[in-house]
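Engineer: Dumping the structure here so I can ask a few things about it.
The values are calculated or read from the model by the stated rules, or taken from the named source; none is laboratory data. Since we're looking at a predicted model, the values are computed, not measured. Positions of Cβ are generated from backbone atoms using ideal geometry, with glycine treated the same way; all protein chains shown enter the neighbour counts. Remember, those area values only see protein heavy atoms, side chains included, never the ligands or the DNA or RNA. Shrake-Rupley method; radii C 1.70, N 1.55, O 1.52, S 1.80 Å.
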Amino acid sequence: MTTDSDIALSGPFQAKDGNGRTLEVKAIRIFDEGYGIIDVYVDFKARLEPGAYKDTVLVRQLVDRLRALGYQGPDFGHSDPGLQESRLIVLEAPEEFTAFAKSRGWKNLAEDFE
């Protein structure tokens, strides 16, 4: 699911899960505006195994992809389990991700109130 308010960080690529299966990632994206903490949406072509968002091997590859695109900082954690879907992993970016997100066009709405 993408909207006009999405910022694409990565196009399609492949990643492996902890069981060695190759997964087709369609895109990594963020919303163009937010308040502080940034959720990173990873869309997959096919359905994921339940709990895939907890797969440390898979999450590391997703973060490595972002690092290859210019992100410098610590690893991500998964976002609220209720946000996870059968073809979507939502990661919660650390504060250090903000500079990278801003370089891609993200706007922190909280700064308007400072």
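Engineer: Hand me the list of strands (runs of 3 or more DSSP E) wholly inside segment 1-96 holding 1 or more residues that are among the hydrophobic types (A, V, I, L, M, F, W, C), farther than 29 Å from Lys107 by Cβ and modelled with pLDDT of 95 or more.
Structural biologist: Here the list reads 22-31.
Engineer: Would you mind finding the one in Gly11, Gly51, Gly18 that is within 18 Å of Pro81 (Cβ to Cβ), free of Cβ contacts under 8 Å to residues at least 24 places away in the same chain and open to solvent by 10 Å² or more (accessible area, probe 1.4 Å)?
Structural biologist: Gly51 is the lone residue from the list that is within 18 Å of Pro81 (Cβ to Cβ), free of Cβ contacts under 8 Å to residues at least 24 places away in the same chain and open to solvent by 10 Å² or more (accessible area, probe 1.4 Å).
Engineer: Right, something else. Given the criteria in contact (Cβ under 8 Å) with a residue 24 or more places away in the chain and not polar (S, T, N, Q), does Glu85 qualify?
Structural biologist: No; evaluated as a whole, the condition is false for this residue.
Engineer: Follow-up question, since we're still on this one. Could you tell me whether any residue of segment 31-45 is open to solvent by 60 Å² or more (accessible area, probe 1.4 Å), more than 19 Å from Lys102 (Cα to Cα) and touching a residue at least 40 places away in the same chain (Cβ under 8 Å)?
Structural biologist: Scanning segment 31-45, I find at least one residue that is open to solvent by 60 Å² or more (accessible area, probe 1.4 Å), more than 19 Å from Lys102 (Cα to Cα) and touching a residue at least 40 places away in the same chain (Cβ under 8 Å), so the answer is yes.
Engineer: Turning to a different aspect of this structure: Could you grab me the full set of residues in segment 69-83 that are open to solvent by less than 30 Å² (accessible area, probe 1.4 Å) and either touching a strand residue (DSSP E or B) at 6+ places or on another chain (Cβ under 7 Å) or among the polar types (S, T, N, Q) (or both)?
Structural biologist: Phe76, Ser79
Engineer: Identify, please: which residue in segment 84-107 is in contact with a Leu (Cβ under 8 Å, 6 or more places away or on another chain) and open to solvent by 30 Å² or more (accessible area, probe 1.4 Å) and is, among those, nearest to Lys45 (Cα to Cα)?
Structural biologist: Among residues in segment 84-107 that are in contact with a Leu (Cβ under 8 Å, 6 or more places away or on another chain) and open to solvent by 30 Å² or more (accessible area, probe 1.4 Å), the one nearest to Lys45 (Cα to Cα) is Arg87.
Engineer: I would also like to ask the following. Limited to segment 54-67, what total is found for residues that are over 21 Å from Asp32 (Cα atoms) and either open to solvent by 40 Å² or more (accessible area, probe 1.4 Å) or without any contact (Cβ under 8 Å) to a residue 24 or more places away in the chain (or both)?
Structural biologist: 6
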